[in-house]
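The values are calculated or read from the model by the stated rules, or taken from the named source; none is laboratory data. These numbers were taken from a predicted model, which means no experiment stands behind them. Glycine also receives a Cβ, built like all others from the backbone with ideal geometry; neighbour counts cover every protein chain displayed. Accessible surface is based on the protein model in full, side chains and every heavy atom, while ligands, DNA and RNA are left aside. Shrake-Rupley method; radii C 1.70, N 1.55, O 1.52, S 1.80 Å.
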Amino acid sequence: MKRIHYIVIFILLVATGFFLAYEFVYNKKHPDFKELEANYKLSAEQLYTEFTSDNEASSLKYNGKMIVVSGTPTRIDIEDTLTIAVFVFNEGMFGDEGVRCTFLTSVGHDIQEGASLKGFDIKGYCSGYNDVDVVLEKCSFEKSN
Amino acid sequence: MKKTTLLILLIPFFQIASAQKYVTKNGHIKFYSETPMENIEANNNQVNSAFDISTGDFVFKVLIKSFEFPKALMQEHFNENYMESDKIPTATFTGTVLNFEGIDFLNDGTYDAMVKGKLSIHGVTKEVEHAGSFVIKGDAINAKAVFNVKPADYNIKIGGSVADKIAKEIEVSVDVNLIKLK
């Protein structure tokens with residue numbers, strides 16, 4: 001093989017490396033939260049109780065994890081483009097306190113169109129406890145066991 | 001005075017007291033970093049805020065993991081390398097609207113506001129004072145402010161290959177629709 005062939009192969013390999021690094025590292029897509037496996041399954045009330053009893057330990061355990069919560073939401077709030085299942089367990093300076101589950105836009109749209117939560121739990125990404133509510137985001141339905 | 005009479009006299013007081021507070025749990029905070037290399041924007045729609053029109057007290061609580069970036073890698077770096085959101089999951093602001101007494105919260109209108117208080121980010125607390133605005137419409141108050149934050153002031157170290165891609169001053173935009181707490 002001529003020297004020029006080695007140079008062309010080297011350039012192609014480097015270019016491929018850059019492309020792969022750009023596509024799969026720098027330009028990596030956000031996960032499909034609907035398809036992510038849950039790390040924990042528990043009732044919404046139990047999750048709230050754990051955070052209010054020991055915020056630090058619960059933050060380390062649950063923050064950044066996918067959680068499935070069971071229970072019947074107190075109500076569904078719609079705020080602009082957000083659809084939120086609200087579990088109320090307490091009253092405080094911000095009014096209701098509990099667990100707030102903000103649905104993925106597509107799931108929220110289904111709920112606004114009349115989809116029922118009956119027979120389903122809610123799966124979402126736990127972003128933490130703000131001294132008022134435990135916040136789950138990117139939520140979707142998960143069939144109750 | 002009979003107990004029932006006293007109770008009747010006190011009812012309006014409690015109604016006024018509870019009508020003084022305006023809250024939201026879905027306020028919006030955006031931050032924007034502009035450099036010749038790259039512009040970065042992140043949004044958080046889960047901001048808790050409470051404002052008491054009788055005292056001017058204004059509180060914000062922000063979950064760091066609720067900031068959303070267009071790129072997953074940016075979000076990872078933000079949480080893991082810079083904000084260390086596993087260790088320090090929230091940012092807060094506790095302060096006062098300095099000119100709240102000059103604002104007529106009972107009638108619709110637009111007002112300039114000066115807010116002063118303590119901003120805690122990444123476990124570091126600084127005294128800050130910023131201008132903002134209130135738009136009052138019925139039982140709702142829309143509060144807006146835009147100000148700059150220097151990551152270095154809050155012990156956020158940005159180095160290595162990304163140092164040129166993140167501005168030395170980050171523009172923070174706050175936009176909250178506060179609803180009267182019933």
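Select from the range B:136-182 the residues that are away from every other protein chain (no Cβ under 14 Å), open to solvent by less than 60 Å² (accessible area, probe 1.4 Å) and farther than 30 Å from A:Tyr26 by Cα and list them in ascending order. Result: B:Ile136, B:Gly138, B:Ile141, B:Ala143, B:Ala145. Exactly one residue out of A:Lys65, A:Lys41 is in contact (Cβ under 8 Å) with a residue 24 or more places away in the chain, of a type in the set (Lys, Arg) and in contact with a Cys (Cβ under 8 Å, 6 or more places away or on another chain), and it is A:Lys65. Is it the case, given these coordinates, that B:Ile88 is under 18 Å from the mean Cα position of the chain (by Cα) and of a type in the set (A, V, I, L, M, F, W, C)? So B:Ile88 fits the description; yes. If you go through the range B:89-109 and keep only what is modelled with pLDDT of 95 or more and of a type in the set (A, V, I, L, M), you end up with B:Ala91, B:Val97, B:Leu98. For the range A:87-99, residues that are at pLDDT 95 or above and surrounded by 19 or more Cβ atoms within 10 Å (Cβ to Cβ) total 4. All conditions in (1) touching a Gly at 6+ places or on another chain (Cβ under 9 Å); (2) within 18 Å of B:Tyr154 (Cβ to Cβ) hold for B:Thr92, with the sole exception of (1). Listed by first and then second residue, the pairs with beta-carbon distance under 9 Å, at least 6 apart or on different chains, first residue in the range B:75-93 and within 15 Å of B:Gln46 (Cβ to Cβ) and at the interface with chain A (Cβ under 8 Å from one of its Cβ atoms), second of a type in the set (D, E, K, R) and open to solvent by 30 Å² or more (accessible area, probe 1.4 Å), are B:Gln75/B:Glu68; B:Asn79/B:Asp86; B:Thr90/A:Asp131; B:Thr90/B:Lys61.
Scanning the range B:52-65 for residues that are open to solvent by less than 20 Å² (accessible area, probe 1.4 Å) and more than 11 Å from chain A (Cβ to nearest Cβ) turns up B:Gly56, B:Phe58.
Residues checked against (1) within 14 Å of chain B (Cβ to nearest Cβ); (2) touching a Pro at 6+ places or on another chain (Cβ under 7 Å):
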| residue | (1), (2) |
| --- | --- |
| A:Ile78 | yes, no |
| A:Phe87 | yes, yes |
| A:Gly92 | yes, no |
| A:Gln112 | no, no |
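Quick grid of which residues meet (1) modelled with pLDDT of 90 or more; (2) open to solvent by 60 Å² or more (accessible area, probe 1.4 Å):
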{"residue": "A:Ile4", "(1), (2)": "no, yes"}
{"residue": "A:Leu13", "(1), (2)": "yes, yes"}
{"residue": "A:Phe51", "(1), (2)": "yes, no"}
{"residue": "A:Lys61", "(1), (2)": "yes, yes"}
{"residue": "A:Gly64", "(1), (2)": "yes, no"}
{"residue": "A:Ile67", "(1), (2)": "yes, no"}
{"residue": "A:Arg75", "(1), (2)": "yes, yes"}
{"residue": "A:Thr83", "(1), (2)": "yes, no"}
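Once the range B:33-49 is narrowed to residues that are touching a residue at least 60 places away in the same chain (Cβ under 8 Å) and open to solvent by less than 60 Å² (accessible area, probe 1.4 Å), the residue that is nearest to A:Ile76 (Cα to Cα) is B:Val47.
Taking the criterion of being part of a strand (DSSP E or B) and either open to solvent by less than 30 Å² (accessible area, probe 1.4 Å) or away from every other protein chain (no Cβ under 14 Å) (or both), the residues of the range A:128-145 that qualify are A:Gly128, A:Tyr129, A:Asp133, A:Val134, A:Val135, A:Leu136, A:Glu137, A:Cys139, A:Ser140, A:Phe141, A:Glu142, A:Lys143.
For (1) without any contact (Cβ under 8 Å) to a residue 60 or more places away in the chain; (2) within 11 Å of the chain's Cα centre (by Cα); (3) buried (at least 17 other Cβ atoms within 10 Å of the Cβ), each residue gets a yes or a no:
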residue	(1), (2), (3)
A:Cys101	yes, yes, yes
A:Asp110	yes, no, no
A:Ala115	yes, no, no
A:Gly119	yes, no, no
A:Cys126	no, yes, yes
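For (1) more than 14 Å from the chain's Cα centre (by Cα); (2) open to solvent by less than 60 Å² (accessible area, probe 1.4 Å); (3) closer than 26 Å to B:Ile156 by Cβ, each residue gets a yes or a no:
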| residue | (1), (2), (3) |
| --- | --- |
| B:Phe67 | no, yes, yes |
| B:Gln75 | yes, yes, yes |
| B:Met83 | yes, yes, yes |
| B:Phe105 | yes, yes, no |
| B:His130 | no, yes, yes |
